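Take a look at the structure set out below.
FYI, it's all coordinate maths here, none of it is from the lab. Computed from a predicted model, the values in this text were never measured in an experiment. Reconstructed Cβ throughout: ideal geometry from the backbone, glycine too, with neighbour counts over all protein chains shown.
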Amino acid sequence: MTDSPDKKMSRRSYLKYIGAGAVVVAAAGGAYYLTRPPPPKTVPLHFFTGESDPDSIKAWQSIYNEYLKTHPNVAVTDEYVAWEEEDPRIINLVSAGTPPSIWYCGDAVAAEPTVRGWIDQDAVGEVVAAAGIPEQNRRKYQGKDFIAPFMYEIVYMWYRTDVFEKYGVQAPKTWKDLLDVCETIDNPTGMRANAIVCGAIEASMEYSAPFWWGNGVRFMDYKDGDWQVTLDEEPYMSRAVETLEYLYELHKYSAAAPDWSYSELLDAFSTEKVAITYYIGARVLNVVIDRNPAIEFKMAPFQIPCPRENVTLGGIQGYTLFKQKDPEVTAAAKDLTEYMLTPAGVMPFLLSVPYHEIPADPKIYEDPTYLANPRISNHKDIIPFLKEMTAICRNWTTVLGPDKPLNPYLYNLCSEGNRLGAMQEKRVAGQESETIVKNAAQEMRDQLAELKIET
């Protein structure tokens with residue numbers, strides 16, 4: 001069943017001209033029949049993504065421009081929008097009957113369009129099969145792939161090793177360790193201990209999720225054949241209150257920022273305002289190298305401590321294909337996507353911001369081209385850590401594990417109004433944690449009633 005945002009998509013049939021025109025050519029000695037094929041058709045592809053980082057854009061353009069050298073009949077129009085504009089733009093394109101051909105996104109973002117029937121899962125499955133994607137990296141809905149993955153984005157923490165050495169503390173392993181370290185190294189008039197986001201902003205959702213999940217909080221569970229909100233049910237209610245109180249305590253040792261945007265998180269660490277920060281991937285490392293190389297070898301990553309479940313937030317990133325009216329567009333989109341999953345297509349992107357994007361295929365770590373990058377080779381000690389993080393990461397669609405059906409709702413419920421950060425912001429403002437959790441659960445139920453998808 002295909003679900004359109006405001007109306008059913010019309011079905012249109014296309015006649016494909018196949019044949020040859022016979023032209024009689026007069027010549028001395030008789031008539032000759034020359035078969036002339038029709039001129040080659042230009043196949044238009046629309047590449048779309050909510051990743052608008054200049055380095056990533058440059059990498060993608062180099063990838064498909066190289067592909068176009070041997071595929072002159074394909075024309076690519078690319079569109080890069082800000083993260084918060086991604087979902088509305090997709091809805092507008094699908095509503096207009098002009099969905100993108102190829103969409104680079106995360107599995108959490110692709111879940112709802114998949115359940116609504118907008119994604120060509122057969123085409124995606126053929127791409128995945130051709131690329132030889134390992135089973136553990138595949139994301140499926142009703143037994144079929146809905147995204148062709150090639151890398152992970154994983155949330156973890158970075159710390160200043162020299163500061164830790166100065167105070168005689170180690171990388172934290174538990175919640176208590178982290179709180180004790182922050183109390184020990186925090187300097188209210190100088191370098192603060194951490195950069196904890198407690199505000200209703202985008203960054204708060206991604207970076208606080210491992211704290212909630214690692215403490216065994218389930219915002220939703222699959223019961224009686226459907227996804228239901230369970231945040232205010234025990235034992236999750238008590239764990240949610242505990243998590244909110246813990247983040248409140250961490251916030252006491254945090255630097256202040258106008259809104260804790262992504263750029264402010266990067267700036268706080270690279271300019272030595274904080275000794276601990278968290279981020280998706282190793283963009284922190286790359287920003288430090290570019291802005292403050294003096295501390296490049298005075299930083300290291302560590303996992304966000306997990307009291308109950310050893311898990312972190314890690315999204316599969318990759319390509320998915322929308323259903324198209326023209327089968328030639330589908331065929332060309334599949335072919336280009338298969339190319340983008342080859343080493344020639346993967347490497348420029350992985351090296352655009354080294355270590356930020358974690359290869360889904362561990363063989364990449366041994367690839368000579370990959371290791372030749374100086375930022376990779378100078379920090380090879382990070383690779384074992386990244387492999388450990390890859391093994392425990394889950395995303396919004398798969399947070400309860402592979403034995404549960406795909407959850408197309410959780411991402412939207414937690415990102416609405418940046419709910420996780422809004423809960424933390426209310427606690428910092430003085431509201432009681434129990435009240436905050438109960439109200440959030442009810443808000444999620446109200447929103448879920450509007451989001452329910454008929455399948």
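Placing one identical point scatterer on every Cα of segment 352-418 and ignoring solvent, what is log10 I(q)/I(0) from the Debye formula at q = 0.24 Å⁻¹?
Treating every Cα as an identical point scatterer, log10 I(q)/I(0) equals -1.00.
Can you give me the Cα centroid spacing of segment 396-455 and segment 283-303 in angstrom?
So the separation of the two Cα centres works out to 33 Å.
So what J values fall out for segment 134-147 if you push phi through Karplus, 6.51 cos²θ - 1.76 cosθ + 1.60 with θ = phi - 60°, rounded to Hz, Gly and Pro as x?
x, 4, 5, 9, 7, 10, 10, 10, 6, x, 10, 5, 10, 8
How big is the equivalent ellipsoid of segment 300-438 along its three axes, where each semi-axis is √(5λ) from the Cα gyration tensor, reported in whole Å from largest to smallest? Spell out each step's value before the answer.
Details: eigenvalues 227, 126, 38 Å².
Those come to 34, 25, 14 Å.
Nearest 5 percent is fine: what portion of the DSSP beta bridges confined to the chain is antiparallel?
On the way: 37 of 52 bridges.
Within the chain, antiparallel bridges account for around 70 percent of the total.
Taking neighbour Cβ counts within 10 Å as the exposure measure, how do Ile196, Ile382 sort from fewest upward?
On the way: Ile196 28, Ile382 17.
With the sparsest Cβ surroundings first, the list reads Ile382, Ile196.
For a Förster distance of 22 Å, can you work out the FRET efficiency between the beta-carbons of Glu233 and Gln447, rounded to the nearest 0.05? Don't jump to the answer; show the numbers that get you there.
On the way: r = 17 Å, r/R0 = 0.79.
Using R0 = 22 Å, I get an efficiency of 0.80.
Please state the shape class of segment 390-453: rounded when a/c is under 1.5, otherwise prolate if a/b exceeds b/c and oblate if not, all from the C-alpha gyration tensor.
Oblate shape, in that a/c is at least 1.5 and b/c is the bigger or equal ratio.
Sorted from fewest to most neighbouring beta carbons within 10 Å, what does the list Leu313, Leu250, Leu68 look like? Write down the numbers at each step before the final one.
Numbers: Leu313 26, Leu250 20, Leu68 15.
The fewest-first ordering by Cβ neighbours comes to Leu68, Leu250, Leu313.
Can you give me the P(r) profile for the chain? Cα pairs, bins 10 angstrom wide beginning at 0, each as a whole percent.
Pair shares across the bins are 4, 19, 28, 24, 14, 5, 2, 2, 1, 0, 0.
At 222 nm, what value in deg cm²/dmol follows for the chain if DSSP H runs of at least 4 each add -39500 (n - 2.57) and the sum is divided by all its residues, to the nearest 500? Don't jump to the answer; show the numbers that get you there.
Working: 18 runs with 186 residues, N = 455.
Dividing the helical sum by the residues of the chain leaves -12000 deg cm²/dmol.
Once the dipole of the chain is set up with Lys and Arg at +1 and Asp and Glu at -1 on Cβ about the Cα centre, which of Met191, Met340, Leu265 lies farthest towards its positive end?
Of the options given, the answer is Met340.
When the Cα centres of segment 308-385 and segment 75-148 are compared, how far apart do they sit, in Å?
16 Å
For segment 369-455, what is the charge dipole size about the Cα centre, in debye to the nearest 20, if Lys and Arg each add +1 at the Cβ and Asp and Glu each add -1 at the Cβ? Intermediate results must be reported in sequence, preceding the final value.
On the way: 11 positive and 11 negative charges, 69 e Å.
Computed charge dipole of segment 369-455: roughly 340 debye.
Past the 18 Å Cα-Cα mark, which pairs from Lys173/Lys252; Lys140/Lys325; Lys144/Lys334; Lys58/Lys380; Lys69/Lys323?
Numbers: Lys173/Lys252 20 Å; Lys140/Lys325 23 Å; Lys144/Lys334 16 Å; Lys58/Lys380 25 Å; Lys69/Lys323 26 Å.
Checking Cα-Cα distances, Lys173/Lys252; Lys140/Lys325; Lys58/Lys380; Lys69/Lys323 exceed 18 Å.
Given Leu247, Val311, Phe349, which one lies farthest toward the positive end of the charge dipole of the chain, if we put +1 on the Cβ of every Lys and Arg and -1 on the Cβ of every Asp and Glu?
It is Phe349, whose Cα lies furthest towards the positive end.
For Val346, what is the net charge nearby, where nearby means another residue's Cβ is under 12 Å from its Cβ and Lys, Arg count +1, Asp, Glu -1? Before the final figure, lay out the partial values.
Values: positive: Lys363; negative: Glu338, Glu357, Asp361, Asp367.
In short, -3.
Would you please state the base-10 log of I(q)/I(0) at q = 0.19 1/Å for segment 178-269, with intensities from the Debye formula using one equal scatterer on every alpha carbon?
Cα-only, vacuum Debye calculation for segment 178-269: -0.93.
Per the Kirkwood treatment, what hydrodynamic radius in Å, one decimal, follows for segment 243-376 from the mean inverse distance over all distinct Cα pairs? Mind showing how you got there, number by number?
Working: mean 1/r = 0.0551 Å⁻¹.
Roughly 18.1 Å, rounded to one decimal.
Return the Rg/Rh ratio of segment 101-259 with Cα-based radii and a Kirkwood Rh.
With Rg and the Kirkwood Rh in hand, the quotient comes to 1.07.
Given +1 on the Cβ of Lys and Arg, -1 on the Cβ of Asp and Glu, and no further charges, what dipole in debye does segment 124-188 carry about its Cα centre, rounded to the nearest 20?
Working: 8 positive and 10 negative charges, 64 e Å.
Here the size comes out at about 300 debye.
Can you tell me the 0 to 90 degree angle between the C-alpha axis of helix 86-95 and the longest principal axis of the chain, rounded to 10?
30 degrees
Evaluate the charge dipole of segment 162-207 about its Cα centre and quote only its size in Debye, nearest 20, assuming +1 on the Cβ of each Lys and Arg and -1 on the Cβ of each Asp and Glu.
So the magnitude is around 80 debye.
Would you mind checking the tilt of helix 236-251 against the longest principal axis of the Cα atoms of the chain, expressed as 0 to 90 degrees and rounded to 10?
For helix 236-251, the angle is close to 70 degrees.
Against the longest principal axis of the chain, how steep is helix 433-451, in degrees 0 to 90 to the nearest 10, with axes from Cα atoms?
For helix 433-451, the angle is close to 10 degrees.
Please compute, for the alpha-carbon atoms of segment 59-101, the extent along each of the three principal axes and give them in descending order in Å.
Principal axes ranked by extent give 34, 23, 8 Å for the Cα atoms.
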